[in-house]
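Okay, structure first, notes after.
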Amino acid sequence: MSDEPKSGFDPNPPRRNFYGRRHGKTLRQSQKGYLSEDLGELRPRGITVQDNPERNRIDPAAIFGDDRPLWLEVGFGGGEHMVHMAATYPDIGIIGCEPFINGVAMLLGKIRAAGVENVSVHPGDARDLMDVLPDASIERAFLMYPDPWPKARHHRRRFVTPEHLIPLARVMRPGGIFRVATDIPDYVRQTLEEVPGAGFDLVSETPVAWDDWISTRYEQKALREGRVPHYVTFRRQG
Ligand SMILES: C[S@@+](CC[C@H](N)C(=O)[O-])C[C@H]1O[C@@H](n2cnc3c(N)ncnc32)[C@H](O)[C@@H]1O
């Protein structure tokens, strides 16, 4: 495993069964610039399969160069929540995963604009990142407006399934907090059914947002279309 970050964006990341989008509309020139210039610096070291084909566990302290608490955001979309959290809590480090490269480009622009330095990016599937994180290395995790997969036959693609939740429980520290926001009642149902089975206790499920919440692009869309947000908080057992 190399301990040097790779520069540039890998256009052909290794594939697991990922059903979402990896590319959207054409990137603007400035977004391409962020990807090639910024991503190598922001990516956690040694997390790609190219760098780490055996999926050896990485040293979390190497990500930000110290032993600060690490938070994880799965599917950060355009990155507004992640940059907001990084700016609100400058003493933590937050790692975001997002396979949708246009979202990664949006995030990099926001990081530049906000000047935050405590963000790291895995431009891919959360499962690949969790594979290489050591046990109990993450203090907080965020799943904000995950892909809803509304058809019943696609519910097994949702993030709140054992395929994702068991690795998440492994990498989370006992007592760590896992937040889920969604506007889909059936997603709330599945979250309340599945997450406790992976080793989390329910703390709260409410339509009232967390005190440090910033509304995301998907939440704004949901509100415009008349759907009601649900904010669900769990605590990792142990
Ligand atoms: C509905 S969007 C929400 C984006 C953002 N959190 C928001 O609230 O605006 C869900 C995002 O999760 C990402 N995603 C889906 N599966 C993922 C996975 N396995 N790992 C990381 N991100 C994932 C998708 O690419 C998509 O950008």
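The values are calculated or read from the model by the stated rules, or taken from the named source; none is laboratory data. Note that the coordinates shown come from a computational prediction; the quantities given were computed from them, not determined experimentally. Quick reminder, even Gly has a Cβ in these numbers, built from the backbone with ideal geometry, and neighbours come from all protein chains shown. Just so you know, the surface numbers come from the protein's heavy atoms only, side chains and all, with ligands and any DNA or RNA stripped out. Shrake-Rupley method; radii C 1.70, N 1.55, O 1.52, S 1.80 Å.
Which pairs have Cβ atoms under 8 Å, sit 6 or more apart or on different chains, and link a residue in the stretch 183-204 that is within 20 Å of Val228 (Cβ to Cβ) to one that is at pLDDT below 95 and open to solvent by 60 Å² or more (accessible area, probe 1.4 Å)?
From the stretch 183-204, the pairs are Ile184/Pro150; Asp186/Pro150.
For the stretch 129-145, does any single residue satisfy the condition of being acidic (Asp, Glu) and in contact with a Gly (Cβ under 9 Å, 6 or more places away or on another chain)? Walk me through it before giving the result.
In the first step, residues of the stretch 129-145 are kept if they are acidic (Asp, Glu); the result is 131, 135, 139.
Narrowing the set further to residues that are in contact with a Gly (Cβ under 9 Å, 6 or more places away or on another chain) leaves 139.
Within the stretch 129-145, one or more residues are acidic (Asp, Glu) and in contact with a Gly (Cβ under 9 Å, 6 or more places away or on another chain).
When only residues in the stretch 210-236 that are polar (S, T, N, Q) and within 13 Å of the ligand (Cβ to nearest atom) count, which is least open to solvent (accessible area, probe 1.4 Å)?
It comes out as Thr216.
Can you tell me which residue in the stretch 146-167 is nearest to Gly197 (Cα to Cα), limited to those that are within 11 Å of the ligand (Cβ to nearest atom) and out of contact with any Gly (no Cβ under 8 Å at 6 or more places or on another chain)?
Top of the filtered list is Thr161.
Please find, within the stretch 53-89, the residue that is modelled with the lowest pLDDT out of those that are open to solvent by less than 40 Å² (accessible area, probe 1.4 Å) and in contact with a helix residue (DSSP H, G or I) (Cβ under 6 Å, 6 or more places away or on another chain).
Per the stated criteria, the residue is Ile58.
Residues to consider are Leu202, Leu168; find the one that is within 17 Å of the chain's Cα centre (by Cα) and modelled with pLDDT of 95 or more.
On the way: Leu202 fails: within 17 Å of the chain's Cα centre (by Cα).
Just a single option satisfies the conditions, and that option is Leu168.
Output the number of the condition that Glu205 fails; it satisfies all remaining conditions of (1) more than 11 Å from the ligand (Cβ to nearest atom); (2) out of contact with any His (no Cβ under 9 Å at 6 or more places or on another chain).
Of (1) more than 11 Å from the ligand (Cβ to nearest atom); (2) out of contact with any His (no Cβ under 9 Å at 6 or more places or on another chain), only one is false for Glu205: (2).
Quick one: would you say Arg140 is at pLDDT 95 or above, more than 9 Å from the ligand (Cβ to nearest atom) and under 22 Å from Val188 (Cα atoms)?
yes
Here are some conditions: (1) open to solvent by less than 40 Å² (accessible area, probe 1.4 Å); (2) of a type outside the set (A, V, I, L, M); (3) modelled with pLDDT of 95 or more. Arg43 meets all but one. Which one does it not meet?
With (1) open to solvent by less than 40 Å² (accessible area, probe 1.4 Å); (2) of a type outside the set (A, V, I, L, M); (3) modelled with pLDDT of 95 or more applied to Arg43, the lone miss is (3).
Of all residues in the stretch 108-123, how many are within 16 Å of the ligand (Cβ to nearest atom) and either on the phi > 0 side of the Ramachandran plot or over 12 Å from the mean Cα position of the chain (by Cα) (or both)?
Applying the first criterion (within 16 Å of the ligand (Cβ to nearest atom)) to the stretch 108-123 yields 108-111, 119-123.
Checking the rest, the ones that are also either on the phi > 0 side of the Ramachandran plot or over 12 Å from the mean Cα position of the chain (by Cα) (or both) come to 108-111.
Residues in the stretch 108-123 being within 16 Å of the ligand (Cβ to nearest atom) and either on the phi > 0 side of the Ramachandran plot or over 12 Å from the mean Cα position of the chain (by Cα) (or both): 4 in total.
Looking only at strands (runs of 3 or more DSSP E) that fall completely inside the stretch 92-209, which ones have 3 or more residues that are buried (at least 17 other Cβ atoms within 10 Å of the Cβ)?
93-97, 119-122, 138-144, 172-182
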